[in-house]
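Asks: Have a look at this one.
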Amino acid sequence: QQWQQTQNQCQLDRIQALEPNNRVECEAGRIESWDPSHDQFQCAGVAVVRRKIEPNGLLLPHFSNSPQLIYIIKGRGINGAVISGCPETFQDSRGSSQQGQGRRRFQDQHQKIHHFREGDVLFIPAGIPYWAYNNGNEEVVSVSLIDVSNNANQLDLRPRKFHLAGNPEHDFEPQEEQRRRGEQGHSRGQQGSGQRSSCNNVFCGFDSRILAEAFNVDQKLIERIQNDNDDRGQIVKVKGGELQVVRPPSLQDERYEQEESPRRYGRGN
Amino acid sequence: GIEETLCSWRLKENIGDPSRADIYSPETGRISTVNSFNLPILRQYQLSAEYGVLKNNALMVPYYNLNAHSIVYAIRGRARIQIVDNYGQTVFDGELQQGQVLTVPQNFAIVKRAESERFEWVSFKTNDNAMISTLAGKTSAIRGIPADVLANAFQISREEASRLKFNRKESTVAQGSGSPGAGR
């Protein structure tokens, strides 16, 4: 059926060069998307999105129903694709007593973090949560292809994003449509279903008591992650300076450190 | 050569046998899976199945099916189930009772909590190597994300983010607060 549908969609009289027709402004960036229901994209079975992340901006963790190829047009940063069940191989085991003055380091462990820069192509498999952070001095601009007709997607041919945090608007949905759905969700929430249904992340749809049990934390903390008053969008500004994650230095940083350390600390043992 | 190949296909695998469990906890229950690794014929038809038991009001932590739809049939007992779509909307919030079938689309998040002493189900999945991704617990996606990313994403402190990551020690099935052993 899908194949037949795609064949009909490919009866194109004319092909056009298209500009993005949906823009979502976020606290620390902008997401622009092309209408995925346009015949050209339906024929190819893909969707396209462009993201601009300002310095110190964080693209919140989310996953998609289809695999993505991302090209970094400009800028540099770090990102993580989190595979459930894989070990947390980046670990900070230094105790807080060893940290000395200044900002106290926070002990943490998490999955591998990658550096990306201009010219890189990143592949994000379907269903794998992904986040990115701009730790450079200039804007990160990327363009992504979402292959909705890929075998990995067993849902329909609509690009769907599942947000793990925040309350972001949906890239491919016109704002009027989102507002209408938001109002519907809000009224459903007011009817006392127990869920905060005007909020967009997947945790919002669950009963906070069940989530508190699942995470083994107090219900108040769960209610905070189900925050429907968050209007920062999908790209947020990191508070209190640079994002603190456990990560190896880039080659450039390491060289700088090697050159600097004898000068700074002398050559003795 | 047909008798050596087609006629000798292995077409059976028992997943109800408790000693065959893939995930097991005496207090909370067990889960067993059959997929193309233990029943190779399934590779040709992209199907697999899972059998599970939740005891004493235990719960299965929130998760989603990474690469398959899941059709759940309740064999015994009842469970409270919630399913959430990509808009964060609850598309199912109710009880699944013995004899009923529930469809869980790919990537939709789900949480199951036994409402009886024993909830038993079988799920048929539309991928021969169906995988789940948990959203809480030891092997969850949340645990793989740096605490500072979570802190900024949820607007909470790093300590709170750390509690979200590390407080639940189990990976898939866990004790609910109504369970006899809870709070120990």
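Quick note: the coordinates plus some simple rules give every number you see, no bench work behind them. Since the structure is predicted, the reported quantities are computational estimates derived from the model, not experimental observations. Glycine gets a Cβ as well: all are built from the backbone with ideal geometry, and neighbour counts include every protein chain shown.
Asks: Among the chymotrypsin sites (Phe, Trp or Tyr not before Pro) in segment B:1-54, which ones are in a DSSP loop with at most 13 other Cβ atoms within 10 Å of the Cβ? Mind listing them?
Replies: B:W9, B:F37
Asks: Calculate for chain B the 222 nm mean residue ellipticity that helices alone would give, adding -39,500 (n - 2.57) per DSSP H run of length 4 or more and normalising by residue count, nearest 500 deg cm²/dmol.
Replies: -3000 deg cm²/dmol
Asks: Same structure again: If you count, for every residue in A:157-169, the Cβ atoms of partner chains within 10 Å of its Cβ, what is the mean?
Replies: 4
Asks: Further question on the same structure: What FRET efficiency comes out for A:I73 versus A:L12 if R0 is 22 angstrom and r is the Cβ-Cβ distance? Round to the nearest 0.05.
Replies: Once rounded, the FRET efficiency stands at 0.20.
Asks: Please find the FRET efficiency linking A:L251 to A:Q91, where r is the Cβ-Cβ separation and R0 is fixed at 25 Å, and quote it to the nearest 0.05.
Replies: Result of the calculation: an efficiency of 0.70.
Asks: Moving on. Tell me, how many Å apart are the Cα centres for segment B:132-180 and for segment A:47-76?
Replies: 24
Asks: Calculate I(q)/I(0) for the protein assembly as shown by the Debye formula, one identical point scatterer on each C-alpha and no solvent, and give its log10 at q = 0.07, 0.09 Å⁻¹ to two decimals.
Replies: For the protein assembly as shown at q = 0.07, 0.09 Å⁻¹, log10 I(q)/I(0) is -0.39, -0.64.
Asks: Now for a different question. Can you give the mean number of other chain Cβ atoms that lie within 10 Å of the Cβ atoms in peptide A:109-121?
Replies: 2
Asks: Could I ask something else about it? Of B:A68, B:G94, B:G52, whose Cα points farthest to the positive end of the dipole of segment B:16-94 (charges on the beta-carbon: +1 Lys, Arg; -1 Asp, Glu; origin at the Cα centre)?
Replies: Checked the options; the winner is B:G52.
Asks: Where Rh denotes the Kirkwood radius from the mean inverse Cα pair distance, what is Rg over Rh for segment B:69-161?
Replies: Value, to two decimals: 1.05.
Asks: OK, next. Set the Förster distance to 45 Å, then compute FRET efficiency between B:R10 and A:D218 from the Cβ-Cβ distance, nearest 0.05.
Replies: 0.35
Asks: Kindly point out, ordered by number, any Cys in the protein assembly as shown whose beta-carbon has no other cysteine beta-carbon under 4.7 Å away.
Replies: Those would be A:C26, A:C86, B:C7, since no other cysteine Cβ in the protein assembly as shown comes under 4.7 Å of theirs.
Asks: Could you work out which residue, out of B:D93, B:D148, B:D85, moves most in a Gaussian network model of chain B, that is, has the largest mean-square fluctuation with Cα springs under 10 Å?
Replies: B:D148
Asks: Convert each backbone phi in segment B:34-49 into a coupling constant with the Karplus relation 6.51 cos²θ - 1.76 cosθ + 1.60 (shift: θ = phi - 60°), then list the ³J(HN,Hα) values in order as whole Hz, x for Gly and Pro.
Replies: Couplings: 10, 9, 5, 6, 9, 9, x, 4, 4, 4, 6, 10, 6, 10, 7, 8 Hz.
Asks: Using the alpha carbons of segment A:1-93, what is the convex hull volume per residue in cubic angstrom, as a whole number?
Replies: Spelled out: Cα convex hull of segment A:1-93, divided by residues, is 144 Å³.
Asks: Next question. Quick one: among B:L54, B:L164, B:L11, which has the greatest mean-square fluctuation in a GNM of chain B with alpha-carbon springs under 10 angstrom?
Replies: For chain B, modelled as a Gaussian network with Cα springs under 10 Å, the answer is B:L11.
Asks: If you take each beta carbon of peptide A:232-242 and count the beta carbons of other chains within 10 angstrom, what is the mean?
Replies: What the average comes to for A:232-242 is 2.
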